[in-house]
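Colleague: The structure is given below, and queries will be raised subsequently.
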Amino acid sequence: MLKFPVTTEKTAKSVDEAIALGVAELKVDDISEVNVEILEEGSKGFLGLGSKEAHVKISVKDVNVAVAK
């Protein structure tokens, strides 16, 4: 039986960067193949102090298609 991730959580400096990391880890071709849940938007803080990274949860929409690839 094949084992591959169908869901992942990623953190990065921006939401877009976190999504890109998740899409790459799940090995899907396009963002349209995943569901994205933004858990934390992240913030730059003031002069870099108190900044928070973006945190997203990404799931493959159709697991059967992902397995076929």
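Colleague: Scanning the range 35-56 for residues that are part of a strand (DSSP E or B) and open to solvent by less than 70 Å² (accessible area, probe 1.4 Å), which turns out farthest from residue 21 (Cα to Cα)? Don't jump to the end; show me each part of the working.
Modeller: Restricting attention to the range 35-56, the residues satisfying the condition of being part of a strand (DSSP E or B) are 35-40, 43, 46, 49, 52, 54-56.
Now narrow it down to the ones that are open to solvent by less than 70 Å² (accessible area, probe 1.4 Å): 36, 43, 54-56.
Details: 36: 12, 43: 18, 54: 12, 55: 11, 56: 10 Å.
Within the range 35-56, the match that is farthest from residue 21 (Cα to Cα) is 43.
Colleague: How many residues does the range 1-34 contain that are in a helix (DSSP H, G or I) and of a type in the set (A, V, I, L, M, F, W, C)? Spell out the reasoning first.
Modeller: Filtering the range 1-34 for residues in a helix (DSSP H, G or I) gives 15-26, 31-33.
Cutting the leftovers down to of a type in the set (A, V, I, L, M, F, W, C) gives us 15, 18-21, 23-24, 26, 31.
Residues meeting the conditions: 9.
The values are calculated or read from the model by the stated rules, or taken from the named source; none is laboratory data. These numbers come from a predicted model, not from an experiment. The protein model used for the area step is the full one, side chains on, heavy atoms only, and it has no ligands, DNA or RNA in it. Shrake-Rupley method; radii C 1.70, N 1.55, O 1.52, S 1.80 Å.
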